[in-house]
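The structure under discussion appears below in the form of structure tokens.
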Amino acid sequence: MSAESPRRRTALALTTALTALALLASGCGLGGSDGKRIRVGVSGDSPEWEVLAKEAKKEGLTVEPVVFDDYSLPNKALAAGDIELNAFQHLVFLAQSNTENKTDIAPIAATTVVPLGLYSSRHKQLTDLPEGAEVTLPNDPANQGRGLRVLEQAKVIELKKDAGLFATPDDITSNPKHIKLTPVNAQQTPRTLKDADAAIINDGVAQLAGIDAKSALFKDDPTSPQSVPYLNVIAARADRKDDPDFEKIVKLYASKPVQDEVRRTSNGTAHHIELPAAELRAELGRIREQLAR
């Protein structure tokens, strides 16, 4: 067994502490901001943030990526003041999280939009999916809704016209191959490939599992206008959204060294998009309205 890295041990310790805090419903932070130190919650390995941290030193900022292995924790950590920013989620997920946790976390910049794909270790092409095939997909409402849209675009199923961004299996109106859908934790979807016929897997999760994005049976188009709700964002607590140090980080993320790393680590699947923060927040508001219906 290989030894864990100091960063890994720190991340696991922080994750454990935050879980305990959530269970206790504590409002206390783990220490708060330390001057110019800015802690950024990320999901899995995010090499572009290591590059950004090096560039930030030139601006007099200490940027510390904090790794979380559970999508439910970075927003709780941000709301509690245990980190200053996070960068792991798209707008639909953020709207869902704000609503469920009664938090006020705001996007301050778009980072990338990435495709969502259907993968299989048993079948080479979409038409190979057999009658009654089992397909796993993320169980959180934001990614499950998008996953169902991917299956609809692939013409595997059809959904109600008014199903919206938060569609569920109950919204399926046509399933000609009688596909069996099994929702699981998003981070566990790659593990299901050994038993299921196919799985809807988030791009970042697929990368961590060593799955080649080019092997997808089908994926949605990240450049389509329909992908705007799935823009990944850098987020802050709303009361600190205009912090000038955060503006420096936004500019650094768009810099060539960071974007070169984004392209390298995503095998070209991530598309960097710049939208004014006001537009991102307006889109977040529209998503929250749909969620409230």
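Here, each number is a calculation from the coordinates, and none is a lab measurement. Given the structure is predicted, the values throughout are model-derived calculations rather than measurements. No Cβ is skipped: glycine too gets one built from the backbone with ideal geometry, and neighbour counts run over all protein chains shown.
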_For Thr182, what residues show an amide H to amide H distance below 5 Å, using hydrogens built from the backbone and excluding near sequence neighbours?_
Val135, Thr136, Leu137
*Run the dipole for the chain about the Cα centre, Lys and Arg Cβ at +1, Asp and Glu Cβ at -1, nothing else charged, and hand back the magnitude in debye, nearest 20.*
240
*Looking at Thr136, Leu181, Ala196, which one has the Cα that reaches farthest to the positive end of the dipole of the stretch 117-221 (charges on Cβ: Lys, Arg +1; Asp, Glu -1)?*
Ala196
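Tell me the mean residue ellipticity at 222 nm calculated for the chain from its helices only (DSSP H runs of n ≥ 4, each -39500 (n - 2.57), averaged over every residue, nearest 500). Don't skip to the end; give the middle numbers.
Details: 9 runs with 103 residues, N = 293.
Rounded to the nearest 500, the figure is -11000 deg cm²/dmol.
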*Out of these labelled values of Kirkwood radius over Cα pairs in Å, [x] 19.8; [y] 19.1; [z] 21.8, which was calculated from the coordinates shown here?*
[x]
_Candidate lysines - alpha carbon under 28 Å from Lys160, same-chain residues fewer than 8 apart omitted_ = Lys177, Lys180, Lys219
*Taking the chain as a Gaussian network, Cα atoms linked when under 10 Å apart, which of Leu231, Leu159, Leu94 shows the biggest mean-square fluctuation?*
Leu159
*asked:* Given R₀ = 35 Å, what would the calculated FRET efficiency be for Asp260 paired with Glu289, taking r from the Cβ atoms and rounding to 0.05?
replied: 0.40
*With springs connecting C-alpha atoms under 10 Å apart, model the chain as a Gaussian network and identify which of Glu50, Glu134, Glu100 has the largest mean-square fluctuation.*
Glu100
*Pair Lys36, Ser72: separation of 7 Å Cα→Cβ label points (nm)*: 3.8
*Magnitude of the Cβ-charge dipole of the stretch 117-221, K/R +1 and D/E -1, about the Cα centre, nearest 20 debye?*
200
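Once the piece of chain linking Val250 and Ser215 is laid out straight, how much longer is it, given 0.36 nm per residue of separation minus the C-alpha distance between them?
9.4 nm
So if we plug the beta-carbon distance of Asn267 and Asn185 into 1/(1 + (r/R0)^6) with R0 = 22 Å, what FRET efficiency do we get, rounded to 0.05?
The computed FRET efficiency comes out at 0.35.
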*Determine ³J(HN,Hα), in whole Hz, for all residues of the stretch 167-180 in sequence, where each value follows from phi through the Karplus function 6.51 cos²θ - 1.76 cosθ + 1.60 and θ = phi - 60°; x replaces Gly and Pro.*
4, 10, x, 5, 8, 6, 9, 8, 9, x, 8, 6, 4, 9
